[in-house]
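Here is the structure we will look at, set down as structure tokens.
The values are calculated or read from the model by the stated rules, or taken from the named source; none is laboratory data. Model, not experiment: these values are computed from the prediction. Every residue, glycine among them, receives a Cβ derived from its backbone with ideal geometry; neighbour counts consider all protein chains shown.
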Amino acid sequence: MKSILTATALACLASASFAETLTIYTSQPNADAQKTVDAFMAANPGTEVEWVRDGTTKLMARLRAEIEAGKPQPDVLMIADTVTLEGMAQEGLLTAYHSPEAAAFDPALYSSEGFYHSTKLITTGIVYNTGAATTPTSWADLKDAGLKGQVAMPSPLYSGAALIHLATLTNDASLGWEFYSDLAANDARAKGGNGGTFKAVAAGEKPYGMVVDFLAIRNKAKGSPVEFVFPEEGVSYVTEPVAILSTAKNLEGAQKFVDFVLSQQGQDLVLDMGYIPARNDMGVPAGFPARADIKLMDFDPAVALANATANKAKFADVFGAD
């Protein structure tokens with residue numbers, strides 16, 4: 001009997017220990033993910049965290065395979081965009097959690113049902129080479145005939161941020177699909193991701209481009225010959241939202257993690273990493289304009305999700321992409 005009780009006790013201890021482990025799938029850069037996990041564990045003694053880092057597309061492919069096999073691993077997802085998580089919410093793959101920290105955020109930055117919460121703002125604006133002939137101030141400037149063949153941008157067929165950018169601008173009454181048609185007629189290059197676009201502009205190959213803010217601002221600080229513009233119409237944005245899986249094994253730990261990354265302490269980490277925190281009344285990294293001077297364009301993840309396939313097809317048709 002004694003050996004049976006001992007085995008049972010050991011099993012309970014093992015189960016308790018397992019319950020304290022939190023598993024996170026994240027698309028954050030490795031250094032940022034490690035910094036986030038270390039700070040969370042320091043704030044929550046006794047909680048162990050296992051994390052897997054990869055690009056959002058690869059992480060989702062891995063998770064889909066796990067779900068199909070009946071063995072989803074993560075408790076928490078922290079990936080690039082709300083559109084992906086909106087799709088998961090509609091499939092019933094996420095657990096709703098109304099974090100008390102959400103009160104400090106613009107309601108546009110989290111799911112009203114509590115399925116996901118934004119953690120930062122990564123905007124897309126205009127980058128131009130300092131040797132360029134003119135200084136653009138609006139999206140409309142990029143379709144000027146004087147810039148024919150001089151504009152580069154990431155393709156929404158390749159980049160998730162570019163697809164959200166497309167959804168945002170085409171849904172804007174002053175721009176719409178006409179803006180993209182004009183860009184195509186002006187021989188704008190739509191190819192690859194943000195990194196390739198930035199390199200083309202920095203090298204002077206294409207003097208103007210659309211890229212995510214931190215690429216241009218950080219590289220400018222390192223001496224790259226570029227400037228970044230937040231267009232007068234506003235900017236599109238991705239937010240690296242956090243969400244809890246419906247199959248989460250450590251629900252309490254997952255909720256604590258959501259609260260932490262949305263808290264003042266968690267958002268201070270975002271600022272230290274060089275991103276705009278999603279939380280209200282926070283500062284901005286060096287090189288960025290004041291938060292009040294950054295206009296966010298209207299964006300609805302559910303609408304973007306519903307239109308994603310049609311938007312890709314239409315873009316491919318307009319730009320002659322495969």
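When segment 277-312 is limited to residues that are among the basic types (Lys, Arg) and touching a Phe, Trp or Tyr at 6+ places or on another chain (Cβ under 9 Å), the one that is nearest to Ser263 (Cα to Cα) turns out to be Arg279. Against the numbered list (1) touching a Gly at 6+ places or on another chain (Cβ under 8 Å); (2) farther than 30 Å from Val76 by Cβ; (3) surrounded by fewer than 22 Cβ atoms within 10 Å (Cβ to Cβ), Ser138 comes up short only at (1).
Here segment 283-305 is the region considered, the condition is being surrounded by fewer than 16 Cβ atoms within 10 Å (Cβ to Cβ) and without any contact (Cβ under 8 Å) to a residue 40 or more places away in the chain, and the residue that is nearest to Glu227 (Cα to Cα) is Ala290. How many residues does segment 218-244 hold that are free of Cβ contacts under 8 Å to residues at least 60 places away in the same chain and of a type in the set (Ser, Thr, Tyr)? Residues that pass the stated criteria total 1. Restricting Ala216, Ala243, Ala254, Ala248 to those that are farther than 17 Å from Leu169 by Cβ, touching a Phe, Trp or Tyr at 6+ places or on another chain (Cβ under 6 Å) and in the same structural domain as Asp81 (by TED's automatic domain parsing) reduces the list to Ala243. Within segment 117-159, the only residue that satisfies the criterion of being more than 20 Å from Val212 (Cβ to Cβ) and under 19 Å from the mean Cα position of the chain (by Cα) is His117. Count of segment 277-300 residues, restricted to those that are of a type outside the set (A, V, I, L, M) and farther than 25 Å from Ala173 by Cα, is 9. In segment 160-190, the residue that is farthest from the chain's Cα centre (by Cα) out of those that are part of a loop (DSSP other than H, G, I, E, B) and crowded, with 18+ Cβ neighbours inside 10 Å is Ala188. Does Gly192 count as in the same structural domain as Gly160 (by TED's automatic domain parsing) and of a type in the set (Gly, Ala, Ser)? Yes; evaluated as a whole, the condition is true for this residue. Only strands (runs of 3 or more DSSP E) whose full extent lies in segment 62-157 are considered here, and the ones with at least 1 residues that are in contact (Cβ under 8 Å) with a residue 24 or more places away in the chain and within 22 Å of Lys295 (Cβ to Cβ) are 120-129, 151-153.
Here Thr247 does not fit the description of being touching a residue at least 40 places away in the same chain (Cβ under 8 Å) and not in a loop (DSSP other than H, G, I, E, B). Filtered by the rule that a residue be more than 26 Å from Ser159 (Cα to Cα) and among the polar types (S, T, N, Q), segment 74-109 gives Thr95, Ser99.
Residue-by-condition table, conditions (1) surrounded by fewer than 24 Cβ atoms within 10 Å (Cβ to Cβ); (2) touching a Gly at 6+ places or on another chain (Cβ under 9 Å):
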residue: Gly70; (1), (2): yes, no
residue: Leu77; (1), (2): no, no
residue: Met88; (1), (2): yes, no
residue: Ser99; (1), (2): yes, yes
residue: Tyr110; (1), (2): no, no
residue: Glu113; (1), (2): yes, no
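Taking the listed residues Phe299, Phe315, Phe260, Phe228, the one that is at pLDDT 95 or above and assigned to a strand (DSSP E or B) is Phe228, with no other qualifying.
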